[in-house]
Amino acid sequence: MSQIFDSIVVGGGLLGSALAWMLAKDGASVVLLERDQLNQHASGQNAGSLHFQLEYRMVEHGLEAARQAAEAMPLHLEAAALWEQLGAELGESVGVEQNGGLMLAETAEQAAVLERKAELERSWGLDVELLDGDEVRMLAPYLSDSVVAAAYCPIEGKADTRRAGPALARGAIRHGAQVRTRTEVTAIRRDGAFWRVQTESAGADGRVRREEFRASTVMLAGGVWTSQLGSMLGVSLATIPLALTMSVTAKTPKFIPHLVQHAGTRLSLKQSSDGNVLIGGGWPARLPLNESMEPDLAARPELITESVIGNAAAAIGVVPALAPLPVLRTWVGTTTVTPDQLPLAGEVPGLPGIFVATGGSAFTLGPSFARALTDLAHGRGASIDMAPYQPLRFGGNNNVA
Ligand SMILES: Cc1cc2nc3c(=O)[nH]c(=O)nc-3n(C[C@H](O)[C@H](O)[C@H](O)COP(=O)(O)OP(=O)(O)OC[C@H]3O[C@@H](n4cnc5c(N)ncnc54)[C@H](O)[C@@H]3O)c2cc1C
């Protein structure tokens, strides 16, 4: 017997939990299906940066690539507002601090990148100010004398990756959503007005338990497994998996209130509410390959020592006080990007009622994705033009229903 809901959410990361919360708050009956535990993958492993400026990976390939990446700015601007009110709406803190973000330049060339970047961002309505070296150190005395300029965005900041996803899931449950963990979606198919979603989970007796859920809308919030979910529907949702490295230092008295990034190297750093400094910014880990020589998403990525060293050197280069601090832990996680740096987000053409969102800084964008998909599912039309993020824009429609 199928269990019938208005919406089925596949995936219990930040996005799936935000979707379940917003849909249920809107009055929909919702079930969230998560194969593992909530927040166990990218949403619980990431750096927690709330990025509203273009990131290094978006500016390192020149102005044209930056222009394209900037098309996601409306989603970022909405995310800034949604994160700001999230804790109050959920009735519990999700560790949001929007104390401002600095993107640093240590050379005249990097300073010129910041100028072009700020001009582009302002054209989309983002508040970004250019500071010279002295102005930067007035605002952020912890920075090295090597910093010659910075772009300052007052709304940037961070959220607590350990709290945000679970708090959203708790909010969803309070609004009546069901959350089923250890429940893997194995097939999705159309049946008249409904989508039928089949699952497998281990029963109390250890036997595999198969169930079926029906709904008129299905939200694919599978993160790096989005392409696998697409293949269940006969469409190619083109995402590129990327394994990344993070490190965290021992606690130290608070001295970094900002999100710090760099215009010339991979770096993001911030200090947690407990005093630990989180260091990341896109240094790669190694994704093992499977027998078909494709990335094996079931395998744990392997740490690359040079990444840890390079990341630490970039951090110490601009924040010298980090040098004596021991690194407590280094870890890796896998996320998705797309060939044009823009997200895949919206209803999948040819599959009415199937919605998807993934790609890029999707921790930052989770609330915006959830808002847009909820509005579309409930026939309201998204407040943002979703055309640039059309999920099949890379031509991957194999088998439209
Ligand atoms: C090291 C690192 C640092 C990062 N730093 C930042 C940052 O600072 N800021 C930022 O904005 N972004 C950052 N990101 C990216 C960000 O973490 C992800 O984009 C975001 O967390 C994706 O959220 P999600 O809910 O879509 O995916 P996930 O958190 O990966 O959740 C997807 C869930 O779907 C489940 N699932 C998949 N297939 C199935 C199935 N068949 N059945 C049931 N469940 C299924 C998975 O088990 C998983 O729990 C970083 C990523 C990494 C790895």
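The values are calculated or read from the model by the stated rules, or taken from the named source; none is laboratory data. For clarity, every value in this text was computed on a predicted model and none was experimentally measured. FYI the Cβ positions are ideal-geometry reconstructions off the backbone, even for glycines, and counts take in every protein chain you see. When the accessible area is computed, the model is the full protein with side chains, heavy atoms only, and any ligands, DNA or RNA have been set aside. Shrake-Rupley method; radii C 1.70, N 1.55, O 1.52, S 1.80 Å.
Does PRO324 qualify as being away from the ligand (no atom under 16 Å from the Cβ), out of contact with any His (no Cβ under 9 Å at 6 or more places or on another chain) and more than 29 Å from ARG190 (Cβ to Cβ)? Considered against the rule, which asks whether it is away from the ligand (no atom under 16 Å from the Cβ), out of contact with any His (no Cβ under 9 Å at 6 or more places or on another chain) and more than 29 Å from ARG190 (Cβ to Cβ), PRO324 comes out as yes. Looking at GLY171, GLY165, GLY176, just one residue is in contact with a helix residue (DSSP H, G or I) (Cβ under 8 Å, 6 or more places away or on another chain) and assigned to a loop (DSSP other than H, G, I, E, B), and that residue is GLY176.
Checking the structure you have, find out if any residue of the stretch 242-251 is more than 12 Å from the ligand (Cβ to nearest atom), on the phi > 0 side of the Ramachandran plot and open to solvent by less than 20 Å² (accessible area, probe 1.4 Å). No, because not a single residue in the stretch 242-251 is more than 12 Å from the ligand (Cβ to nearest atom), on the phi > 0 side of the Ramachandran plot and open to solvent by less than 20 Å² (accessible area, probe 1.4 Å).
On the stretch given as the stretch 28-48, residues that are at negative phi, open to solvent by 10 Å² or more (accessible area, probe 1.4 Å) and within 10 Å of the ligand (Cβ to nearest atom) total 13. For the stretch 311-320, state whether one or more residues are within 24 Å of GLU106 (Cβ to Cβ), free of Cβ contacts under 8 Å to residues at least 60 places away in the same chain, more than 16 Å from the ligand (Cβ to nearest atom) and surrounded by fewer than 19 Cβ atoms within 10 Å (Cβ to Cβ). Checked the stretch 311-320: at least one residue is within 24 Å of GLU106 (Cβ to Cβ), free of Cβ contacts under 8 Å to residues at least 60 places away in the same chain, more than 16 Å from the ligand (Cβ to nearest atom) and surrounded by fewer than 19 Cβ atoms within 10 Å (Cβ to Cβ).
Checking each residue in the stretch 252-307 for being within 13 Å of the ligand (Cβ to nearest atom) and free of Cβ contacts under 8 Å to residues at least 12 places away in the same chain picks out only ALA298. Residues in the stretch 355-394 that are away from the ligand (no atom under 14 Å from the Cβ) and within 13 Å of GLY230 (Cβ to Cβ) were compared, and the one that is modelled with the lowest pLDDT is PHE394.
Which residues, counting only those in the stretch 1-16, are closer than 16 Å to ALA377 by Cβ, crowded, with 24+ Cβ neighbours inside 10 Å and out of contact with any Phe, Trp or Tyr (no Cβ under 7 Å at 6 or more places or on another chain)? Of everything in the stretch 1-16, those that are closer than 16 Å to ALA377 by Cβ, crowded, with 24+ Cβ neighbours inside 10 Å and out of contact with any Phe, Trp or Tyr (no Cβ under 7 Å at 6 or more places or on another chain) turn out to be SER7, VAL9, VAL10, GLY11, GLY16.
Just a yes or no: is a residue in the stretch 252-263 more than 22 Å from PRO339 (Cα to Cα), part of a strand (DSSP E or B) and open to solvent by 20 Å² or more (accessible area, probe 1.4 Å)? Can you show your working first?
In the first step, residues of the stretch 252-263 are kept if they are more than 22 Å from PRO339 (Cα to Cα); the result is 252-262.
Within this subset, residues satisfying the condition of being part of a strand (DSSP E or B) are 259-262.
Among the residues that remain, those that are also open to solvent by 20 Å² or more (accessible area, probe 1.4 Å) are: none.
The answer is no, given that none of the residues of the stretch 252-263 is more than 22 Å from PRO339 (Cα to Cα), part of a strand (DSSP E or B) and open to solvent by 20 Å² or more (accessible area, probe 1.4 Å).
Looking only at residues in the stretch 219-241 that are open to solvent by 20 Å² or more (accessible area, probe 1.4 Å) and more than 18 Å from ARG189 (Cα to Cα), the one that is farthest from the ligand (Cβ to nearest atom) is ALA238.
With the structure loaded, tell me whether LEU90 is among the hydrophobic types (A, V, I, L, M, F, W, C), surrounded by 20 or more Cβ atoms within 10 Å (Cβ to Cβ) and either in contact (Cβ under 8 Å) with a residue 60 or more places away in the chain or within 16 Å of the ligand (Cβ to nearest atom) (or both) or whether it fails that test. For LEU90, the condition - among the hydrophobic types (A, V, I, L, M, F, W, C), surrounded by 20 or more Cβ atoms within 10 Å (Cβ to Cβ) and either in contact (Cβ under 8 Å) with a residue 60 or more places away in the chain or within 16 Å of the ligand (Cβ to nearest atom) (or both) - is not met.
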